[in-house]
Amino acid sequence: MRQRSPVAYFAILFAVVYAGLAFPWPGWQAAYSSLYRRAANALFDPFGVRVQNQAGKEVRLGRVEFRPATKPDRTSDTEIWTRLRHSPDVGWALHSPHLTGYVPTAEFVALALATPIVWRRRLVGLVIGLVIIHAFIYLRLWIGLMYYFATPGTPWQMYAFSENAFKVLKTCNEIINVAPVTSFVLPALVWLVLLFRPADWGSTFSALVGSGEELDDVGAVKTPGE
């Protein structure tokens, strides 16, 4: 099937792999969210500008904690708590490790494994792509936390941006963190850039047109007997 119809091979294999990864296996989401929270807490707590504490040691002012949600919904099972050091005022937001981290990772894995190219290129692209995907997950969280700690009028405001700079930050947060389409578009873009060469596009086009036809110099379709 792969040689005769690479497009069908790709579509079937992608559907099988993605369905297997997206299936709600018992305990799978809880385990992923737990690992996600542990990694996020290690990376982002503490966070922000540096100040001196009472002992004269330089510490970061912001405190961030990723906790299991007290009232989780179908996809959001994590709460992000933010505050300033030694402050009783706390901000929090419901968060979805599933949409932010698991969905783009699963989509990219399925796309990479289903691509009808040699396995060496698949595996190399898979490894590099996973690094890029997780770097983007880090960027999403970083932008979200910057937005929380820069929101004017909040007790946990740590950054004082100009009005225009805050608008840019808010727009970036809405595009990257609020719009759900980001979780689906980014893996496809990374897949296209990493796993396709210019020559691959020609083979893909030929497969779509049909193996029994070819284009002549002026673009007319010729059959092998002509």
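The values are calculated or read from the model by the stated rules, or taken from the named source; none is laboratory data. Because the structure is a prediction, the values reported are computed rather than measured. Note: ideal-geometry Cβ built from the backbone for every residue, glycine included; neighbour counts use all protein chains shown.
Of a type outside the set (Asp, Glu), buried (at least 18 other Cβ atoms within 10 Å of the Cβ), part of a loop (DSSP other than H, G, I, E, B) and free of Cβ contacts under 8 Å to residues at least 24 places away in the same chain - does that describe any residue in segment 115-126? No, that holds for no residue. Once segment 82-95 is narrowed to residues that are under 23 Å from Ser183 (Cα atoms) and out of contact with any helix residue (DSSP H, G or I) (no Cβ under 9 Å at 6 or more places or on another chain), the residue that is modelled with the highest pLDDT is Leu94. Residues of segment 93-108 include at least one that is of a type in the set (A, V, I, L, M, F, W, C) and in contact with a strand residue (DSSP E or B) (Cβ under 8 Å, 6 or more places away or on another chain). All of (1) closer than 17 Å to Leu43 by Cα; (2) part of a strand (DSSP E or B) hold for Ala93 with one exception: (1). The set of residues from segment 1-45 being touching a residue at least 60 places away in the same chain (Cβ under 8 Å), polar (S, T, N, Q) and either in contact with a Cys (Cβ under 9 Å, 6 or more places away or on another chain) or not in a helix (DSSP H, G or I) (or both) comprises just one member, Ser5.
Listed here are the residues, each with its yes/no results for (1) within 30 Å of Gln29 (Cβ to Cβ); (2) within 21 Å of the chain's Cα centre (by Cα); (3) assigned to a strand (DSSP E or B).
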residue: Thr75; (1), (2), (3): yes, yes, no
residue: Glu79; (1), (2), (3): yes, yes, yes
residue: Thr82; (1), (2), (3): yes, no, yes
residue: Gly101; (1), (2), (3): yes, yes, no
residue: Gly144; (1), (2), (3): yes, yes, no
residue: Lys167; (1), (2), (3): no, no, no
residue: Cys172; (1), (2), (3): yes, yes, no
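In segment 1-41, what residues are over 28 Å from Leu192 (Cα atoms), over 19 Å from the mean Cα position of the chain (by Cα) and hydrophobic (A, V, I, L, M, F, W, C)? Once the filter is applied, which keeps residues that are over 28 Å from Leu192 (Cα atoms), over 19 Å from the mean Cα position of the chain (by Cα) and hydrophobic (A, V, I, L, M, F, W, C), segment 1-41 yields only Trp25.
Here are Asn173, Asn164: which of them is of a type in the set (S, T, N, Q) and more than 24 Å from Leu43 (Cα to Cα)? Don't jump to the end; show me each part of the working.
Working: Asn173 fails: more than 24 Å from Leu43 (Cα to Cα).
Only one candidate passes the filter, namely Asn164.
None of Glu107, Glu58, Glu65 is in contact (Cβ under 8 Å) with a residue 12 or more places away in the chain and within 25 Å of Gln157 (Cα to Cα) except Glu65. Looking only at residues of segment 5-33 that are in contact with a helix residue (DSSP H, G or I) (Cβ under 9 Å, 6 or more places away or on another chain) and not hydrophobic (A, V, I, L, M, F, W, C), we find that the one that is surrounded by the most Cβ atoms within 10 Å (Cβ to Cβ) is Ser33. Apart from one condition, Leu194 fits all of (1) over 14 Å from the mean Cα position of the chain (by Cα); (2) surrounded by fewer than 16 Cβ atoms within 10 Å (Cβ to Cβ); the exception is (2).
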